[in-house]
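Enquirer: Okay, here's the structure, questions in a sec.
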Amino acid sequence: MKHVLIIHTGGTISMLENKDTGEVNSAEMHPLTEVTDQLKNYANIDEHIIFDLPSPQITPGHMLEIARKISEVIDEYDGIVVTHGTDTLEETAYFLDLVLDTNKPVILTGAMRSSNEIGSDALYNLISSLRVTTDDEARNKGVLVVMNDEIHTAESVTKTSTSNVATFQSPQFGPIGMVTKDSIIFHRTVLTRHSQSVLEKLSKDVFLLKAYAGMDEHLINAIIDARPDGLVIEGLGQGNLPKTTVQPLQRLIKENIPVVLVSRCYQGVVQPTYGYDGGGKQLKEMGIIFSRGLSGPKARIRLLVALETTQNLNEIKNLFEKYD
Ligand code: ASP
């Protein structure tokens, strides 16, 4: 039997519903440790509770701690499962994908319904994750997210529904595989990844903004006043912004602060198509970095990680624009 470490970080998968009030909250005793016996049918399990946090409280610092723990112990295990709140699960998954240097499976999972709720997906998702972790084909695919019978790459997955158990989707390319009653089926593989080794620290401040019709310079000026190390903007369509944002963005670039553009559309990539004021062509010529296909939150994680090793705008541009 394979040897798997389960690292619990908190989230609904680690919570219980109060039957009187309906409130879902952290439990005194971690509900999943009660089911360890059932898990032993799938692998030899060790468990480690690294935190018990709802995922809106997870910071990049916590992500770094999880990465450090995994790097420390990965040689002793065939794979790792991380349980996590679903709200920011995709950011932690992508962070780990960027910084972990291993070909062993590292799987993130969570639940939309806590362990004692009707139709809970907590134990089911945990068992599915163990099954994927112990499958030889799960190696060499980077960090994966397993929820609701689907396997997604860390780079492509996003939470799409506030409450549906089928919340995790990969809007660009779909899941990489599926979990059935008797097998794990991968239908495609991962061609490109962006790994680098585990970082010592995460010390930079990167802001994330979403563009909207009529956006003016105020928010960007407020960010400039906060002295950011980088800015990610979810732009409009193929990568355009209201023209009122151009001048403050020019100020940032002049100060050598990277500005990364993604689209607020959840499919497609940004490209310098339009030549009007605020159009993608003008933004690109100004030095705004176009990110290939990442969501805003993931581009922010990528920039946070990149800024620990370089502040050179050209190097950062290459990291976002070249995929090899
Ligand atoms: N709010 C919860 C969290 O992210 C939701 C969940 O885990 O599904 O911690």
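Enquirer: Given 10 Å bins starting at zero, what is the percent of C-alpha pairs of the stretch 238-283 in each, up to the one with the largest pair distance?
Expert: 28, 53, 18, 0
Enquirer: Separate question: Give me the percent of Cα-Cα pairs in the stretch 112-265 that sit more than 21 Å apart, rounded to a whole number.
Expert: Considering the stretch 112-265, 61 percent of its Cα-Cα pairs are separated by more than 21 Å.
Enquirer: Dipole of the chain (Lys/Arg Cβ +1, Asp/Glu Cβ -1, origin at the Cα centre): which of PRO60, MET15, THR273 lies farthest to the positive side?
Expert: THR273
Enquirer: How high is the relative contact order of the stretch 156-281, given as a whole-number percent (alpha carbon pairs under 8 Å, six or more residues apart)?
Expert: For the stretch 156-281, the relative contact order is 19 percent.
Enquirer: Does the stretch 191-260 come out rounded, prolate or oblate by the C-alpha gyration tensor, with a ≥ b ≥ c the root eigenvalues, rounded set by a/c under 1.5 and, if not, prolate when a/b is larger than b/c and oblate if not?
Expert: Taking the square roots of the gyration eigenvalues as a ≥ b ≥ c, the stretch 191-260 is oblate.
Enquirer: In the structure shown, do any of LYS210/LYS317; LYS104/LYS210; LYS104/LYS284; LYS104/LYS298 have a Cα-Cα gap over 30 Å, and if so which?
Expert: Beyond 30 Å: LYS104/LYS210; LYS104/LYS284.
Enquirer: Taking every pair of alpha-carbon atoms in the chain, what share in percent sits in each 20 Å bin, from 0 to the bin with the longest distance?
Expert: Going from the shortest bin to the longest, the percentages are 32, 53, 14, 0.
Enquirer: Running a GNM on the chain with Cα contacts under 10 Å, which residue among ASP37, ASP78, ASP229 ends up with the highest mean-square fluctuation?
Expert: Maximum among the listed residues: ASP37.
Enquirer: Hey, another quick one. Give me the net charge of HIS8's neighbourhood, meaning all other residues with Cβ under 12 Å from the Cβ of HIS8; Lys, Arg count +1, Asp, Glu -1.
Expert: Within the 12 Å Cβ shell, the charges total -2.
Enquirer: Moving to a separate point now. Hey, what did the chain get for relative contact order, percent, Cα under 8 Å, at least 6 apart?
Expert: 14 percent
Enquirer: Checking a compactness column here: for the stretch 25-114, what do you get for Rg(Cα) / (2.2 N^0.38 Å), N being the number of residues?
Expert: 1.09
Enquirer: Could I ask something else about it? Which order results if MET147, MET1 are arranged by neighbouring Cβ count within 10 Å, fewest first?
Expert: Ascending number of Cβ neighbours within 10 Å: MET1, MET147.
Enquirer: So, by mean Cβ neighbours within 10 angstrom, what's the order for 212-218, 155-161 with the highest one leading?
Expert: 155-161, 212-218
Enquirer: Which one of ASN125, ILE74, SER156 is farthest out on the positive end of the charge dipole of the chain, using unit charges on Cβ (Lys, Arg +1; Asp, Glu -1) and the Cα centre as origin?
Expert: Among ASN125, ILE74, SER156, the one farthest towards the positive end of the dipole of the chain is SER156.
Enquirer: Give me the percent relative contact order of the stretch 1-119, please, defined on Cα pairs under 8 angstrom at least 6 residues apart.
Expert: Relative contact order comes out at 40 percent.
Enquirer: Provide the FRET efficiency to the nearest 0.05 for the GLN267-LYS322 pair, computing r from the beta carbons and using R0 = 22 Å.
Expert: E between GLN267 and LYS322, to the nearest 0.05, is 0.55.
Enquirer: With r as the distance between the Cβ atoms of MET286 and VAL73 and R0 = 51 Å, compute the FRET efficiency 1/(1 + (r/R0)^6) and round to 0.05.
Expert: 0.65
Enquirer: Using only Cα atoms, locate the centre of the stretch 203-248 and the centre of the stretch 1-80, then give the distance between them in Å, rounded to an integer.
Expert: Result: 36 Å between the Cα centres.
Enquirer: Cross-link list LYS69/LYS159; LYS40/LYS159; LYS201/LYS322; LYS2/LYS322: which exceed 31 angstrom alpha carbon to alpha carbon?
Expert: The pairs that break the limit, which is 31 Å between Cα atoms, are LYS2/LYS322.
Enquirer: At what distance in nm do the modelled label points of GLU255 and THR21 sit from each other, each positioned 7 Å from its Cα along Cα→Cβ?
Expert: Reported label-point gap for GLU255 and THR21 is 4.3 nm.
Enquirer: Here is a follow-up. Note the angle between two axes, namely the Cα long axis of helix 60-73 and the longest principal axis of the Cα atoms of the chain, as a number of degrees from 0 to 90, rounded to the nearest 10.
Expert: Tilt relative to the chain: about 50 degrees.
Enquirer: Please work out the Cα convex hull volume for the stretch 102-146 and give it in Å³ per residue.
Expert: Enclosed volume per residue, from the Cα hull, is 55 Å³.
Enquirer: While we're looking at this one, here's another question. Which of the peptides 14-24, 107-117, 170-180, 302-312 is most tightly packed, and how do the rest follow, going by the mean number of other Cβ atoms within 10 Å of each residue?
Expert: Output ranking for 14-24, 107-117, 170-180, 302-312: 107-117, 302-312, 170-180, 14-24.
Enquirer: Another one. So if we plug the beta-carbon distance of ARG139 and THR244 into 1/(1 + (r/R0)^6) with R0 = 45 Å, what FRET efficiency do we get, rounded to 0.05?
Expert: The value I calculate is 0.35.
Enquirer: Next up: Separation between the VAL198 and THR162 pseudo-spin-labels, each 7 Å from Cα along Cα→Cβ, expressed in nm?
Expert: 3.8 nm
Enquirer: Quick one: angle between helix 296-307 and the longest Cα principal axis of the chain, in degrees between 0 and 90, rounded to 10, please.
Expert: Value to nearest ten degrees: 80.
Enquirer: Just SER163, SER295, SER128 to compare: in a GNM of the chain, with alpha carbon springs under 10 Å, which one fluctuates most?
Expert: Result for the chain, Cα springs under 10 Å: SER163 fluctuates most.
Enquirer: Let me ask another. Could you tell me which residue out of GLY235, ASN312, GLN282 lies farthest along the dipole of the chain toward its positive end? Charges go on the beta carbon: Lys and Arg +1, Asp and Glu -1, centred on the Cα centre.
Expert: The one lying farthest along the dipole's positive direction is GLN282.
The numbers here are math on the coordinates, done by the rules we state, and not lab data. Keep in mind the model is a prediction, meaning the values are calculated, not measured. We place every Cβ from the backbone using ideal geometry, glycine too, and count neighbours over all the protein chains shown.
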